[in-house]
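The values are calculated or read from the model by the stated rules, or taken from the named source; none is laboratory data. Worth saying up front: this structure is predicted, and the values here are computed from it rather than measured. Glycine gets a Cβ as well: all are built from the backbone with ideal geometry, and neighbour counts include every protein chain shown.
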Amino acid sequence: MKTLPVKVGPVTIGGDAPIVPQTMLNTRTTNIEATLAQAVKVADAGAQLIRITVPALSDVDCLATVRRRFRALGYEVPLVADVHFSSEIAIAAAKVVEKVRINPGNFHPDHQKARERFAEFLAVCKEHGTVIRVGLNHGSLGRYIVDQYGNTPQAMALAAMEWVRMCADASFYNVVVSLKASNTVVMIEAYRELARMMQEEGVVFPLHLGVTEAGNGDSGRIKSCVAISTLLQEGIGNTIRVSLTEPPENEVPVAIYLANRYGPAEVLPMNLSEREEAILKAACDWGAPLLNHEMDDIPLEDEYLKNEILQACRRRFYKPEYIACPGCGRTLYNLQEAFEAVKARTSHLQNVVIAVMGCIVNGPGEMADADYGYVGEGAGKVTLYKGKEPVLRHIPEAEAVDRLVELIQAGQPE
Ligand code: SF4
């Protein structure tokens, strides 16, 4: 799908440009040394855009310092501020970095006010040449749209189109759009719908692809690859982030594999083990036929890999469905260890969806239709959810996995 080209510093997204692999840091932005060190690490791994969370207005100064020092080290990789809820933070960040990711619908609970704030934000971005990503996720659609259309892929695309039109009406074309979901079927349908709607209206912005809360290890890689590769084969997608609950430098080679495989390339150097590359290849080979229901099974002798791919495509479930965010500067507990511990204690279960999320600000909304949730609440504290209800609050991190397992056992059929 031919899109408008969008220039983010020295990087072009869309148009005839190659697919841009990107990632997001998980340090606290106030910890400038750690943030800078991680930015260097992911840039050295090949990330072409680096996103950094900006939870508070005071973090904008830290972001500016990181950017200044990163540039002084000779790195030209553009930085992206990740902002939730606050148009004030988004406006401040738009003055210091090349790109800002926002969900405009969350700027205010009153939809008209959210529109007004988005218009103010666009004016600042126009003045400073800042690119925006309108980033809507399946779990964070506004009430106004869910009430009308349900929590569906169509609702996601329609919600995005409102902001796409506002940008076009303001003659603002520095726009990238994303519609992520942890459910691969929902994610693919949402992007297809949005691509169709933008083409119909004649304003086709580049798309940032990603599966949210994909988890880690082979499962996280496979889940991301089946969905992203399906869209890239259809010509949908211009920049990609593979979200893993792992150090962010691990995400980059997977994104590069996809960028290289589906071009137009510029073939980037990949740093993958033979095993990892074989897993990514199988996920990309079989993802689209399974997701498009052209096949019901795949001729793989490796039962484990076959099961993983079938589950990622939601065709057969052989273990719990895990939803885990990658963590970011909002995460105040050891998310990666907790997720491993939860998996180790629950992997024998079936027909259950378990979420492990980094923060209480976005975690509960983003964990979508999980049956149980383990959500970081503050420094070393966790809240446990059953469905959408918080049932045990302020649990010390050291006890939280035990309590989650008890909660799940109590809800299992005899
Ligand atoms: Fe960061 Fe996870 Fe919270 Fe999203 S849910 S803002 S990735 S900690």
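Structural remarks
- Members of region 351-367 that are over 16 Å from H138 (Cα atoms), within 11 Å of the ligand (Cβ to nearest atom) and modelled with pLDDT under 95: G358, C359, I360
- Where a residue in region 129-140 is in contact (Cβ under 8 Å) with a residue 12 or more places away in the chain and its partner, wherever it lies, is of a type in the set (F, W, Y), with Cβ under 6 Å and at least six apart: V134/W163
- Each residue in region 229-252 was checked for being under 18 Å from D44 (Cβ atoms) and crowded, with 24+ Cβ neighbours inside 10 Å, and 6 pass.
- Members of region 74-125 that are more than 18 Å from the chain's Cα centre (by Cα), hydrophobic (A, V, I, L, M, F, W, C) and within 16 Å of the ligand (Cβ to nearest atom): I89, A90, A93
- Subset tally (residues that are in a loop (DSSP other than H, G, I, E, B), away from the ligand (no atom under 12 Å from the Cβ) and of a type in the set (A, V, I, L, M)) for region 368-384: 2
- All conditions but one from (1) more than 21 Å from P109 (Cβ to Cβ); (2) in contact with a Ser or Thr (Cβ under 9 Å, 6 or more places away or on another chain); (3) aliphatic (A, V, I, L, M); (4) not in a strand (DSSP E or B) apply to V176; the one that does not is (4).
- Residues being surrounded by fewer than 21 Cβ atoms within 10 Å (Cβ to Cβ) and near the ligand (Cβ under 9 Å from one of its atoms) - total across region 314-329: 0
- Matching entry among A283, A341 (being in contact with a helix residue (DSSP H, G or I) (Cβ under 6 Å, 6 or more places away or on another chain), in contact (Cβ under 8 Å) with a residue 40 or more places away in the chain and surrounded by 24 or more Cβ atoms within 10 Å (Cβ to Cβ)): A283
- Some residue of region 61-73 being away from the ligand (no atom under 16 Å from the Cβ), surrounded by 24 or more Cβ atoms within 10 Å (Cβ to Cβ) and of a type outside the set (A, V, I, L, M, F, W, C): no
- Of all residues in region 385-414 being on the phi < 0 side of the Ramachandran plot and part of a loop (DSSP other than H, G, I, E, B), the one that is surrounded by the most Cβ atoms within 10 Å (Cβ to Cβ): K388
- Residue match in region 242-250 (condition: part of a helix (DSSP H, G or I), within 16 Å of the ligand (Cβ to nearest atom), at negative phi and out of contact with any helix residue (DSSP H, G or I) (no Cβ under 8 Å at 6 or more places or on another chain)): yes
- Tallying residues that are closer than 24 Å to T152 by Cβ and within 16 Å of the ligand (Cβ to nearest atom) within region 385-414 yields 2.
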